[in-house]
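Report on the structure given below.
All of the numbers you see were taken from the coordinates with simple rules; none came from a lab. Keep in mind it's a predicted model, so treat the numbers as computed, not measured. Note that each Cβ is placed from the backbone with ideal geometry, even for glycine, and that neighbours are counted across all protein chains shown.
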């Protein structure tokens, strides 16, 4: 019987299954960061348990770390304590690799894992972070877990899980100029809604997906959780394998050849069954901009803010009214007329080298609009930062009046000092536009790196394709 | 984990769809390295009129009287009635920790986000999915009648309204067993330690690059 990629990943990790379908799933890679792990390590210690296979752990500090003045350390004492707690836990228990604050390879956990080859096809990958879906770009079964599950994985190398339904998201055709993986992600969420993928594992397929780089595929799988799906995944092809060659933790020599032979089988078989299928035409996708407080509140750059008076469903109507009030927007306003106060280019969605190159290509020779207060460029990791500097991208940003920062999660969730003030409006390449996400009272519009860079230049949203 | 068997609890209706975990417990409170003490900051940005930070004396902060949790009639509520896609967004287990620490033992909604739903069961918090029409009815009754309570029986998988209407709900046998008995799931899993070891050894032989 033909199997989907999800079937193959699931079946190859089931250790034990109960009558009601509850399974014990073996976990290959456990990514750890400072926010969701302290209570798990504490629980392990209190119960007198040892980690089952500590060499499955790759850890980094990312959520709390500052993105400037590293010489001054972490000023917020509570943030510092959390980062120091991770340091102490890794010292006590160990790890395959740890990239602590200020390490030259430190960065966002979902950037650091893949760039070091710690994410390999066919793995189950978990982390106490919902954006773990990112790693599905490598044909992994990867998803976020809670802290109790972090402890469970540390103690048992397994997760108690039930198989999800499967959804195929097929995007055929060629993306237009200025249209990116981020726009595919937002267009998918606009189509199926933020709960459309709840209970499903998504597989992204079709010629437009095969045409994406690994960076683009990570952006897309990263946003699977914003469609409600814990996991999103993409089949292995030459692009996957080329990316992994010679990474730190990638297999070498004969082992590499053996691994590649297996990885090539990590595709959905012809005729594999899916519980749901959604099809999009790549050529019809335009640069996307969110206008509300949920990623499904999205339209294209040529669109307008919706009018709640035209919505019949009362729950939906009041949701839109509340969102427009929070966002300080008036119904029927053209998206291109919305001014921005700040711009954030970064996050586990869009902080990889390709994202920075794309933003720099828009910015080169141009200046930040005078009305824009701040533009933060936050690379996803120390390695991304070094690569960008080797290419001179940082000089393009600095010359334009942008701020070139140290790596971390930064203003995606504003756990460090980078944040919006109440009422400030931001063009952001991150993944969530929830109320208060980037700072209490802050107003977030999700866009691609190209669209964010263009907004920084124009001072308002603008179709990046018109910039030339 | 505390066990859950039955509850006769006051209902608080939170009439918003897509309530995300950032709203349930804002990020600044995630800096804590403890599991407890999140209750006073549950729904912090909606509940208070000022900006909350860890370490503040929450009893001295100005409350937002328009937020439903602050209505005197819902003081002591143990059942949260919610709308579609409750708990979406971040995987932070601090969200169920905050709900539980505040005093909630049950959340009823037409649908939940997967990770949040799963996290609830690890903390003695029972999330119940009911059809949208049933949730509409419960909202109407809870908003109309002060002191509206629901009786939840996990063993029977039933919810009973004050008028005597009874609704059934689904739960997997495994989750029900763990919740009814307040079991430590890690201990249960370690009963299968031999199976895990055998699986791991086979995997090590077949895909040695995973064990570098």
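Couple of notes before you dig in:
- Contour minus Cα-Cα distance for residue B:153 and residue B:166 (0.36 nm per residue): 3.6 nm
- Exposure proxy ranking, count of Cβ atoms within 10 Å, fewest first, for A:67, A:132, B:161, A:156: B:161, A:67, A:156, A:132
- Spin-label pair residue A:277-residue B:132: with each label point 7 Å from Cα along the Cα-Cβ axis, the two points sit 2.6 nm from one another.
- In range of the label at residue A:370: residues from the stretch A:438-463 whose backbone nitrogen is under 18 Å from the point 7 Å along Cα→Cβ: A:456-460
- Relative contact order (%) - criterion: Cα under 8 Å, at least six apart; region: the stretch A:288-466: 28
- The stretch B:6-181, relative contact order [Cα under 8 Å, separation at least 6], %: 26
- Distance between the C-alpha centres of the stretch A:381-408 and the stretch B:26-55: 34 Å, rounded to the whole angstrom.
- Treating each Cα of the stretch A:58-113 as one equal point scatterer and applying the Debye formula with no solvent, the log10 of I(q)/I(0) at q = 0.28 Å⁻¹ comes out as -1.25.
- Set of the stretch B:179-205 residues, backbone N closer than 16 Å to the point 7 Å along the Cα-Cβ line of residue A:254: B:205
- Equivalent ellipsoid dimensions for the protein assembly as shown as semi-axes, Å, which come from the Cα gyration tensor, largest first: 35, 32, 25
- This ranking places A:209, B:186 by how few other beta-carbon atoms lie within 10 Å of each, fewest first, which gives B:186, A:209.
- Normalised radius of gyration (Cα atoms, divided by 2.2 N^0.38 Å) for the stretch B:32-115: 1.11.
- Note on A:82-88: average number of Cβ atoms from other chains within 10 Å of each residue's Cβ is 1.
- Calculated log₁₀ intensity ratio I(q)/I(0) where the Debye formula runs over C-alpha points of the stretch A:319-468, q = 0.11, 0.12, 0.13 Å⁻¹: -0.37, -0.44, -0.52
- The packing ranking of peptides A:331-341, A:374-384, B:24-34, highest mean first, is A:374-384, B:24-34, A:331-341, where packing means the average number of other beta carbon atoms within 10 angstrom of each residue.
- Shape summary: the stretch A:268-391 maps onto an equivalent ellipsoid whose semi-axes, from the alpha-carbon gyration tensor, are 31, 26, 14 Å in decreasing order.
- Distance between the C-alpha centres of the stretch A:420-448 and the stretch A:353-374: 18 Å, rounded to the whole angstrom.
- Estimated 222 nm signal from helices in the protein assembly as shown, with DSSP H stretches of n ≥ 4 weighted -39500 (n - 2.57), rounded to 500: -9000 deg cm²/dmol
- Computed label-point distance, nm, for sites residue A:390 and residue A:315 using a 7 Å Cα→Cβ extension: 5.2
- Shielding score for B:18-26, defined as the mean number of other chain Cβ atoms within 10 Å: 5
- Legend: Rg and Dmax of the stretch A:1-150, from Cα coordinates, 16.5, 60 Å.
- Ranked A:79, A:250, A:428, A:213, criterion: other C-beta atoms within 10 Å, fewest first: A:213, A:250, A:79, A:428
- Of interest is the spacing of the C-alpha centroids, which for the stretch B:78-108 and the stretch A:232-274 amounts to 39 Å.
- Based on C-alpha pairs under 8 angstrom that are at least 6 apart in sequence, chain A has a relative contact order of 17 percent.
- Diffusion coefficient of the stretch A:158-209 by Stokes-Einstein, Kirkwood radius over Cα pairs, 10 °C, 1.306 mPa s: 127 µm²/s.
- Kirkwood-type radius of the stretch B:6-181, with distances r between different C-alpha atoms, in Å: 16.5
- Between 0 and 90°, nearest 10: helix B:193-206 axis offset from chain B longest Cα axis: 60
- Remark: mean inter-chain Cβ contacts per residue of A:11-17 equal 3, using a 10 Å Cβ-Cβ cutoff to other protein chain atoms.
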